[in-house]
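Enquirer: Can you read through this structure? Questions will come right after.
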Amino acid sequence: MKLDTTGMESAAPVWGSHNELVDGFSVAPSFELPNTTDFDGFQKEAIQMVKPAKGTTTLAFIFKEGVMVAADSRASMGGYISSQSVKKIIEINPYMLGTMAGGAADCQFWHRNLGTKCRLHELANKCRISVTGASKLLANILYSYRGMGLSVGTMIAGWDETGPGLYYVDNEGGRLKGMRFSVGSGSPYAYGVLDNGYRYDMSVEEAAELARRAIYHATFRDGASGGVASVYYVGPNGWKKLSGDDVGELHYRYYPVMPSTVEQEMFEVTGA
Amino acid sequence: MARYDRAITVFSPDGHLFQVEYALEAVRKGNAAVGVRGTDIVVLGVEKKSAVKLQDSRSVRKIVSLDDHIALACAGLKADARVLINRARIECQSHRLTVEDPVTVEYITRYIAGLQQKYTQSGGVRPFGLSTLIVGFDPYTGVPSLYQTDPSGTFSAWKANATGRNSNSMREFLEKNYKETSGHETIKLAIRALLEVVESGGKNIEVATITKEHGLRQLEESEIDAIVAEIEAEKAAAEAAKKALAAPKET
């Protein structure tokens, strides 16, 4: 399969491949079709095999001071917990973050590729790329690989000239602009806490606490989420990691064990 | 020397690409074009050949828009210009589609210059025989810009520049008389530069302005005539003042 290397190609393509009308638009990647009688069925099966289950919890929201981004850190392979310390918040560049949900390799590779493209944009145009532009670049790439089994459910959060920006981009090529998103198997639980506690004018500490709680509650109920709840803040000067707390410890912080009165005491019987 | 000027892809022993230099000659034979950048406006002026009687002058627009906020004027082969302009227009829209933002003037100039350069390094083609003056305002910062490209594919930003026929005299005039202007004063400066090399009159000049609020606006012939009259009056007043200063010395 031909990978998308438009970010790394030189500016002048080979002369022969010039096409008047297509000029300015990149050619979609393609690969040879396998020999099957029913290609559509084959494609569906291939996608099912990879099954974008997206066992994770990630969330991001815009508030008065900027963007808050949080995620858990568990990677699961079916019922097996393969890692409790996966970095699901990817640093694209000093002022933009991406979250990982779905296939870890897909998310990591395409976010790095996006970082390359953003840097090339900066060098060519002497100004930073906007969050709108960066999310659109990623969405266009994912759209061109539609149906080929990529599994990516990501949020691009950043701060540009127009202020804070948050976009949700997925492997179908969909791209949504919004104020609050949560992605992954634990997202329903996170949404419950997030939507309940959200106010636009929160301070950074309040917003961080809200994000942390939402991740904790998702990890409490969802088996595919757990590990460490990382919270990042994106402000006018770029992103900053605020905290990374083990969710087990967060549990006792939110629901501490109260000493209770013992109803029946057991004591040693001396003698018979 | 004759052996090194046939193919574009062959350097001469003293480092010239003759085809590119001949393209620059074609530009020097093209109609005069001038561009002047002000603080809130950029003005383009082009020499119009005297009205050919049966031609519908509206179909011969020498100053064109590439997008809502960018305009282009050129000197040289007009057919080549059409091709370049179409490609630039597509690129403007493609940029809007992929990054959801309008192009900056520098970006589209870089694209056009890149296109012109491509045709100086390929087999079986000739360079575009035109130099362009690209003007506009950057989308968010609102900074006005004037850029020039030439057949070799180089480009640079200018406060004021001229290309085409007699461009050297126009450039000399601009160097002597340029100062930071805005609005009406910028238009007058551009027309004064053109009048150095063109017979005066609204019939022989095409002028367009680009502003942040109103985009590209072509000036009517009557408006141009009015400004030309203003310039002539100022010139006459200056002459009279000089004569008045000189008079007392005569006895």
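Only the coordinates and a few stated rules stand behind these numbers; no lab work does. Here the structure is a predicted model, which means the values were calculated and not measured. Here the Cβ is made from the backbone with ideal geometry for all residues, glycine too, and neighbour counts use every protein chain on show.
Enquirer: Given Cα positions, please report Rg to Rh for region A:53-254, the hydrodynamic radius being the Kirkwood one. Mind showing how you got there, number by number?
Expert: Details: Rg = 15.9 Å, Rh = 16.6 Å.
With Rg and the Kirkwood Rh in hand, the quotient comes to 0.95.
Enquirer: What is the projected area of the convex hull of the Cα atoms of chain B, averaged over all directions, in nm²? Intermediate values should be presented prior to the final figure.
Expert: On the way: hull surface 72.6 nm².
One quarter of the hull surface, i.e. the mean projection, equals 18.2 nm².
Enquirer: Whole angstrom only: what separates the Cα centroid of region B:1-40 from the Cα centroid of region B:162-218?
Expert: 24 Å
Enquirer: Same structure again: Taking the highest mean first, how do the peptides A:99-109, B:233-243 order by number of other beta carbon atoms within 10 angstrom per residue? Please list the in-between numbers first.
Expert: Working: A:99-109: 20.6, B:233-243: 10.3.
So the order, starting with the most tightly packed, is A:99-109, B:233-243.
Enquirer: Net charge near A:G227: determine it from the other residues with C-beta under 13 Å of the C-beta of A:G227, scoring Lys and Arg +1 and Asp and Glu -1. Please report the intermediate quantities before stating the final value.
Expert: Values: positive: A:R74, A:K87, A:K88; negative: A:D72, A:D222, A:D245, A:D246, A:E249.
Overall, the nearby charge balance is -2.
Enquirer: Right, next: Give or take rounding to whole Å, what are the principal axis extents of the alpha carbon atoms in region B:1-84, in descending order?
Expert: The Cα atoms of region B:1-84 stretch 46, 40, 20 Å along their principal axes.
Enquirer: Can you list the lysines whose alpha carbon sits under 20 Å from that of A:K240, skipping same-chain ones fewer than 8 residues off?
Expert: Cross-link targets: A:K64, A:K87, A:K88.
Enquirer: Check which residues have an amide H placed less than 5 Å from B:T181's amide H, if you skip close sequence neighbours.
Expert: It is B:T39, by chain and number.
Enquirer: Hey, another quick one. Dipole of region B:18-231 (Lys/Arg Cβ +1, Asp/Glu Cβ -1, origin at the Cα centre): which of B:G164, B:L66, B:V20 lies farthest to the positive side?
Expert: Toward the positive end, the furthest listed residue is B:V20.
Enquirer: Using modelled backbone amide H atoms (1.01 Å from N, in-plane), which distant-in-sequence or interchain residues come within less than 5 Å of B:G153's amide H?
Expert: none
Enquirer: How big is the dipole moment of chain B about its Cα centre under a simple scheme where the beta carbon of each Lys and Arg is +1, that of each Asp and Glu is -1, and everything else is neutral? Debye, nearest 20, please. Let's see the in-between values first.
Expert: On the way: 33 positive and 33 negative charges, 152 e Å.
Around 720 debye, computed over chain B.
Enquirer: To the nearest 10 degrees, how steeply does helix B:167-177 sit against the main Cα axis of chain B, on a 0 to 90 scale?
Expert: 50 degrees
Enquirer: Another question, then. Beta carbons within 10 angstrom, averaged per residue: use that to sort the peptides A:256-269, B:86-99, highest first. All intermediate terms of the calculation are to be shown ahead of the outcome.
Expert: On the way: A:256-269: 5.4, B:86-99: 17.2.
Top to bottom by mean Cβ count within 10 Å: B:86-99, A:256-269.
Enquirer: Show me, for region A:242-247, the HN-Hα J-couplings you get by feeding each phi into the Karplus relation (A = 6.51, B = -1.76, C = 1.60, θ = phi - 60°), rounded to Hz, glycine and proline as x.
Expert: 8, 7, x, 10, 5, 5
Enquirer: So what is the orientation-averaged projected area of region A:103-163, using the convex hull of its C-alpha atoms, in nm²? Each step should come with its number before you reach the end.
Expert: Values: hull surface 17.2 nm².
Answer in nm², one decimal: 4.3.
Enquirer: Over the alpha carbons of region B:163-251, what is the largest minus smallest coordinate on each principal axis, giving the biggest first in Å?
Expert: Here the spans come out as 57, 27, 27 Å, largest first.
Enquirer: Give me the three principal axis extents of the protein assembly as shown from the C-alpha atoms, as integers in angstrom, largest value leading.
Expert: Principal extents (Cα only, largest first): 150, 68, 46 Å.
Enquirer: Follow-up question, since we're still on this one. On average, how many beta carbons from a partner chain sit within 10 Å of the beta carbon of a residue in B:85-91?
Expert: Working: counts 0, 2, 3, 1, 1, 6, 2.
That works out to 2 on average.
Enquirer: Starting at the first residue of region A:191-205, write each ³J(HN,Hα) from the Karplus equation 6.51 cos²θ - 1.76 cosθ + 1.60 with θ = phi - 60°, in whole Hz, x for Gly and Pro.
Expert: 4, x, 6, 5, 5, 5, x, 6, 9, 5, 9, 10, 7, 4, 5
Enquirer: For the protein assembly as shown, what does the helix formula give at 222 nm: sum of -39500 (n - 2.57) over DSSP H segments with n ≥ 4, over the residue count, nearest 500 deg cm²/dmol?
Expert: So the calculated ellipticity at 222 nm is -11500 deg cm²/dmol.
Enquirer: Report the charge-dipole magnitude of region A:53-254 in Debye, nearest 20, computed about the Cα centre from +1 at each Lys and Arg Cβ and -1 at each Asp and Glu Cβ. Before the final figure, lay out each step's value.
Expert: Details: 22 positive and 18 negative charges, 94 e Å.
The calculated dipole for region A:53-254 is roughly 460 debye.
Enquirer: 7 Å from Cα along Cα→Cβ at both B:E25 and B:K235: what's the point-to-point distance in nm?
Expert: Distance between label points: 3.3 nm.
Enquirer: Which residues in region B:67-87 place their backbone N less than 18 Å from a point set 7 Å from the Cα of B:D56 along the Cα-to-Cβ direction?
Expert: Answer for this model: none.
Enquirer: Additional query: Please compute one quarter of the surface area of the Cα convex hull for region B:123-181 and express it in square nanometres. Provide the component values of the computation, followed by the final result.
Expert: Values: hull surface 23.1 nm².
One quarter of the hull surface, i.e. the mean projection, equals 5.8 nm².
Enquirer: From the backbone phi of region B:136-142, what are the Karplus-calculated ³J(HN,Hα) couplings (6.51 cos²θ - 1.76 cosθ + 1.60, θ = phi - 60°) in whole Hz, Gly and Pro given as x?
Expert: x, 10, 5, x, 9, 7, x
Enquirer: What is the set of long-range amide H partners of B:H16 at a cut-off below 5 Å, with H atoms built 1.01 Å from backbone N?
Expert: Answer set, sorted by chain and number: none.
Enquirer: Would you mind giving the mean number of other chain beta-carbons within 10 Å of the Cβ of each residue in A:225-233, as a whole number? List each step's numbers first, then the result.
Expert: Numbers: counts 0, 0, 0, 0, 0, 0, 0, 0, 0.
What the average comes to for A:225-233 is 0.
Enquirer: Could you tell me the relative contact order of region B:18-231? Use alpha-carbon pairs under 8 Å, at least six residues apart, and round to a whole percent. Show your work: numbers first, answer last.
Expert: On the way: 446 pairs, mean separation 67.9, N = 214.
About 32 percent, as a whole number.
Enquirer: While we're looking at this one, here's another question. What is the distance in Å between the Cα centroid of region A:110-131 and that of region A:143-181?
Expert: 16 Å
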